[in-house]
Amino acid sequence: MKVVLQDIVREVSKATKLALPDAQVIVRKLVSTLEQGLLSGQRIEIRGLGVFQTKTVQGKKGRDMARNLSISIPAYQKVSFKAGKQWKKRSKEPQENPPPVAAPNGQLEMQILLEVVNH
């Protein structure tokens, strides 16, 4: 099961009673702001959820198996996530609610994410 952007837009629209296009603008702006922050090297902390940040992976030697050549893999940036204390605590607690149920279209319901954000 997976959550797609449109699922988040629907849940925000439902929770805030905004029209779908308005909720879509808000969610897209949030994602864009997070993306820009990560691209500029900022550390993004969402209280209760965790921290997103970019880390540099050092370059290394690789191997082109088709041509049997040694190649150099340059350094690159990757995004890492470290869960916050509240998230870790909640994940260790026994589930009071039944496990998430897939929606008819196969997508995961967004109630869990909204509960985490609201706490």
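The values are calculated or read from the model by the stated rules, or taken from the named source; none is laboratory data. What you see is a predicted model; the values in this text were computed from it and never measured. Glycine gets a Cβ as well: all are built from the backbone with ideal geometry, and neighbour counts include every protein chain shown.
Structural remarks
- Residue in region 95-102 that is more than 23 Å from Met1 (Cβ to Cβ) and either outside any strand (DSSP E or B) or at pLDDT below 90 (or both) present: no
- Matching residues, region 26-58, being farther than 30 Å from Pro74 by Cβ, surrounded by fewer than 13 Cβ atoms within 10 Å (Cβ to Cβ) and among the hydrophobic types (A, V, I, L, M, F, W, C): Leu30
- When Pro74 is tested against (1) surrounded by fewer than 12 Cβ atoms within 10 Å (Cβ to Cβ); (2) closer than 30 Å to Arg90 by Cβ, exactly one condition is not met: (2).
- Where strands (runs of 3 or more DSSP E) sit wholly within region 48-94, those with at least 1 residues that are charged (D, E, K, R) occupy 50-57, 60-64, 76-83.
- Any pair with Cβ under 7 angstrom, 6 or more apart, that starts in region 60-82 at a residue that is modelled with pLDDT of 90 or more and hydrophobic (A, V, I, L, M, F, W, C) and ends at one that is exposed (fewer than 11 other Cβ atoms within 10 Å of the Cβ) and part of a loop (DSSP other than H, G, I, E, B): Ala75/Gln58
- Subset of region 1-25 [loosely packed, with under 12 Cβ neighbours inside 10 Å and within 25 Å of Lys88 (Cα to Cα)]: Met1, Lys2, Val4, Leu5
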